[in-house]
Amino acid sequence: MSKRVAILLAEGFEEAEAVIVLDVLQRLGVEVVTLACQPDRQVVSYHGLSVTADALLADCEGVLFDAVVLPGGPQGTVNLAANGEVLDLIRRHDRAGRWICPLCSAAARVLGGNQLLQGRRYVCSGDLHENVTDGTYVDQPVVEDGNLISGKGLGVAFDFAFHLAWRLTGKREEVNFQAEHIYYDNWRVPSSD
């Protein structure tokens, strides 16, 4: 049975982060649903790209995904952090033990800004961690703690996406094949896992 992942899109989201994660996951047979976290499916990204999301977050009440991905983007993460439906979705998925996956500023602004890190280790972009009080910042490209996978930013979006794909599918050879195919020698499933 295919895994399902929701990528949350709010006005000002970092388009490259969202698309890289979507691309990698779909290559590995993971179903990806983009959700507009606003009343309209048309969402304008950080750099002005207009994207039509697959569905509205408001229409997914009660739906559980295997993972929820939160792309960064300065205004995008501010918008996600201020959206009660987004916070409810994260809490519901966290309670169910599903993967919560913030990238770039999302760990600090959305999770940390709403006390949703709950003491877990995480990484985020820049110095945003300085204002976070409920998690432990770790300066690494990708950090996994429990059901939280966080990525430092756009520069590690491939590493983040492959790490999530590995955790969702468990298919070491397939993930490594795709990593070699599109990302060359930069990433492999850790041999200790």
How about the stretch 1-29: which of its residues are touching a strand residue (DSSP E or B) at 6+ places or on another chain (Cβ under 6 Å) and in contact (Cβ under 8 Å) with a residue 60 or more places away in the chain?
-> R4, V5, A6, I7, L8, L9, E11, E17, V21, L25
Based on what the data block shows, is L116 under 24 Å from N147 (Cβ atoms), touching a strand residue (DSSP E or B) at 6+ places or on another chain (Cβ under 9 Å) and surrounded by 21 or more Cβ atoms within 10 Å (Cβ to Cβ)?
-> no
Within the stretch 1-47, residues being part of a loop (DSSP other than H, G, I, E, B), crowded, with 17+ Cβ neighbours inside 10 Å and either in contact with a His (Cβ under 8 Å, 6 or more places away or on another chain) or of a type in the set (S, T, N, Q) (or both) number 2
Residue in the stretch 86-102 that is out of contact with any strand residue (DSSP E or B) (no Cβ under 7 Å at 6 or more places or on another chain) and without any contact (Cβ under 8 Å) to a residue 24 or more places away in the chain present = yes
Can you tell me which residue within the stretch 72-91, out of those that are small (G, A, S) and part of a helix (DSSP H, G or I), is farthest from S105 (Cα to Cα)?
-> G84
Meets criteria (part of a helix (DSSP H, G or I) and either of a type outside the set (V, I, T) or touching a helix residue (DSSP H, G or I) at 6+ places or on another chain (Cβ under 6 Å) (or both)) for V69 = no
Scanning the stretch 136-193 for residues that are modelled with pLDDT of 95 or more, polar (S, T, N, Q) and not in a loop (DSSP other than H, G, I, E, B), which turns out surrounded by the most Cβ atoms within 10 Å (Cβ to Cβ)?
-> S150
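The values are calculated or read from the model by the stated rules, or taken from the named source; none is laboratory data. Treat the numbers as computed from the prediction; the structure is a model and nothing was measured. Reconstructed Cβ throughout: ideal geometry from the backbone, glycine too, with neighbour counts over all protein chains shown.
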